[in-house]
Amino acid sequence: MAAQLNAPGMSGLTRRAWRWAWGPMEEEIFHLIRLCADSGYHPKKWQMSIVVALQKPNWDYSKPHSYRLIQLLEVLGKTLERIQARRLAFFAAKYHLFPSTQYGGITGRSAQDAVLSIVHDIEVAWNHDQATTMLTFDITSFFDTIPHSFLIDSLCKSNIPLPIVKWVYSFIQERHATICPDSNEMALNQSTQVYHKAHAPPQSWWHTSQHPCAKLY
């Protein structure tokens, strides 16, 4: 979980504030998160974020890439995201959606496991008097450029429960960001608002008999 004094989202409520509210409002908060998860809906208020532009040291600040963007989201929204992420990880493991050679983003696996696997393969090759060559590469902005329609379709074909698929669809829709050069209140008042509408299937797409998710209704 995020630190209790983490920077708040648009509401200004930190995690510590929500911990204080948990006592008298435990049932209300619990049912709010549960209903969002069960109905496959991510509230629009939680889709609004503050993006703070921090200067990278010793860079030319006249260029956009000289800033590091930090996104501040609502605490309850991040809580719902973590719950859904754990559910997705569970079903991915249940249906064996990840290959045995993947280590990132999987519970119980780490970068250390990947290194040990590589060392093992190299030593096996050496024991058979064979040379070893390793090629590494990085795909820039891979996750940011995945077509949303392809993402939703892949989730449905992978037998992910419909409420989770619908939540992912709701989560990526019509996100708002308020960009400010600093995290102080004056900078926020002088900030620039950015609106993003995700490219995803229309609502009618969910109810066609040809769609893989139709069998889950």
| field | Per-residue HN-Hα couplings for region 148-155 [Karplus 6.51, -1.76, 1.60; θ = phi - 60°; Hz; x = Gly/Pro] | value | 5, 5, 5, 4, 5, 4, 5, 5
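List the chymotrypsin sites (Phe, Trp or Tyr not before Pro) within region 1-78 that DSSP assigns to loop and that have no more than 14 neighbouring Cβ atoms inside 10 Å.
Trp59, Tyr61
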| field | For Phe98, residues with placed amide H under 5 Å, excluding near neighbours | value | none
| In region 84-186, which trypsin sites (Lys or Arg not before Pro) are in a loop and have at most 16 other Cβ atoms within 10 Å, using DSSP for the loop call? | Arg109
| task | Take Met25, Met134, Met48 and sort them by solvent-accessible surface of the protein heavy atoms, 1.4 Å probe, largest at the top. | result | Met134, Met25, Met48
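The values are calculated or read from the model by the stated rules, or taken from the named source; none is laboratory data. In this text the structure is predicted, and so the values were computed from the model without any measurement. With ideal geometry, Cβ positions are generated from the backbone for all residues, glycine too; neighbour counts draw on all protein chains shown. Side chains are part of the model used for accessible areas, which takes the heavy atoms of the whole protein and leaves out ligands, DNA and RNA. Shrake-Rupley method; radii C 1.70, N 1.55, O 1.52, S 1.80 Å.
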